[in-house]
1. Please list, ordered by first then second residue, the pairs with beta carbon atoms under 9 Å, 6 or more apart or interchain, first in region 46-61 and among the small types (Gly, Ala, Ser), second surrounded by fewer than 21 Cβ atoms within 10 Å (Cβ to Cβ) and not in a loop (DSSP other than H, G, I, E, B).
2. Would you call residue 263 hydroxyl-bearing (Ser, Thr, Tyr) and either within 27 Å of residue 92 (Cα to Cα) or assigned by TED's automatic domain parsing to the domain that holds residue 33 (or both)?
3. Condition first: part of a helix (DSSP H, G or I), of a type in the set (A, V, I, L, M), on the phi < 0 side of the Ramachandran plot and surrounded by 20 or more Cβ atoms within 10 Å (Cβ to Cβ). Can you find one or more residues in region 1-17 that meet it?
4. Please specify each residue of region 311-349 satisfying the condition of being of a type in the set (Phe, Trp, Tyr), farther than 21 Å from residue 33 by Cα and modelled with pLDDT of 95 or more.
5. What number of residues within region 318-367 are touching a Pro at 6+ places or on another chain (Cβ under 8 Å) and outside any strand (DSSP E or B)?
6. Please state which one of 133, 188 is at pLDDT below 95, within 29 Å of residue 95 (Cβ to Cβ) and of a type outside the set (Ser, Thr, Tyr).
7. What is the number of the single condition among (1) in the same structural domain as residue 116 (by TED's automatic domain parsing); (2) at pLDDT 95 or above that residue 357 does not meet?
8. Considering region 247-271 alone, what residues qualify as being part of a helix (DSSP H, G or I) and surrounded by fewer than 18 Cβ atoms within 10 Å (Cβ to Cβ)?
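The values are calculated or read from the model by the stated rules, or taken from the named source; none is laboratory data. No experiment lies behind these values; they were computed from the predicted model shown. In this analysis, Cβ positions are derived from the backbone assuming ideal geometry, glycine residues included, and neighbour counts consider all displayed protein chains.
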Amino acid sequence: MNLLVVEEIRDRKSFSGLKGLWNSFLETNGLLTPFTQFEWFASCIDCYGKGKELRVLLVRDQEDGMLHGIAPFWIGRDVYRGLRVRELSFIECLDTPCSSIFSKAGHEERAIDAIFGHLCQGGSKGWDLAVFRKLPEGYGGLKEIFGSGNGRRILWFEEYPTRNLYVDIEGDWEKFLKGRSERFRKTRRNIMNRISKIPGVAIELFTADPDGRLMDLVLDVTRKGWKAEEGLALSSRPETVEFFRQMTKWALEKQMLLIWVLTIDGAPVAVEYDLRHKGKVYALRSDFDGGQKSISPGAYLEYKTVEHLFTEGYREYDMGPGFNEYKTHWTEKYRELQNLAVCNRSFKGMAIWSIENWAIPVLRKAKHLFSR
């Protein structure tokens, strides 16, 4: 079996040259989704990469140069347990639902082992802490590698997991509704009845943008919602606006985009921004005009969106990052995502390791003893 070697990509120009190879590799190995494709990472780098240093790692066969893995990393500065650190992490943003190292089918452990062998032997110098968030079940092979160490003592620890809820689109719509709580059904009936009495109500689904103003329409609605008042709206930060503008462009080209707009007499009052791929729909952002709060336009649009997915033969509705209470009204199903960290053998890395694996457990034990 040939040796695997790791190549580092550290600049945007070199990264740009990976587009064809990246998407082809993911497609061949059954890993391609809207959030793993090259365009998603390119938009993350363009819009959220200020102050970050690229550290994209390519794992290749030493003999024939064949690609065996991709680790989409960058390095930035952060504060952890009061210490200012240089943090290695996945290239991601708030809207990234899941992260992973991408490996050739059947060679996952070898690729991951090569990456961490590279990091432990001094590759990508200058980081104190490597934080890997939103990892799929099984840690994408990382836990096994850390546990075995393969001759290396990797200093790692786990953080609290997170959960992404999803709706299984199976059976028919009416059967699905009957499986929800009586309170849920009653609340939705009241919303449907309330809005049915309003003239001029319509829902439009956009999968194209002939006049180039689709994102402007979305932003107009988000500026009027409660999230804008809290600084949480899509329109609240210029980098987020630019990210969604870029994503809208490439998602339209790939026929992945679904934007739902609820209007009253032609005026938009609620929107939902989704991506679709191979029978799955991924909800990214939604908002409504705060001036129309009394008629619950956001809940109405969400109801009609899920109903449409059932009738059109989709198989899953991913409700996005965050275990929000309103999502639990729709489903009990979720995917648990793991968060773990690796400490480098720098002064700060070792300090964090000592805090996490010695100081904090001791303090917790003392608190428990004194609380008796």
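1. From region 46-61, the pairs are 49/12; 49/76; 51/76; 51/77.
2. Judged against the criteria, residue 263 is not a match.
3. no
4. Correct list: 330 only.
5. Within region 318-367, the subset touching a Pro at 6+ places or on another chain (Cβ under 8 Å) is 318, 320-321, 335-339.
Remaining after also requiring outside any strand (DSSP E or B): 320-321.
So the count comes out to 2.
6. On the way: 188 fails: at pLDDT below 95.
So the residue among 133, 188 that is at pLDDT below 95, within 29 Å of residue 95 (Cβ to Cβ) and of a type outside the set (Ser, Thr, Tyr) is 133.
7. (2)
8. Once the filter is applied, which keeps residues that are part of a helix (DSSP H, G or I) and surrounded by fewer than 18 Cβ atoms within 10 Å (Cβ to Cβ), region 247-271 yields 249, 250, 252, 253.
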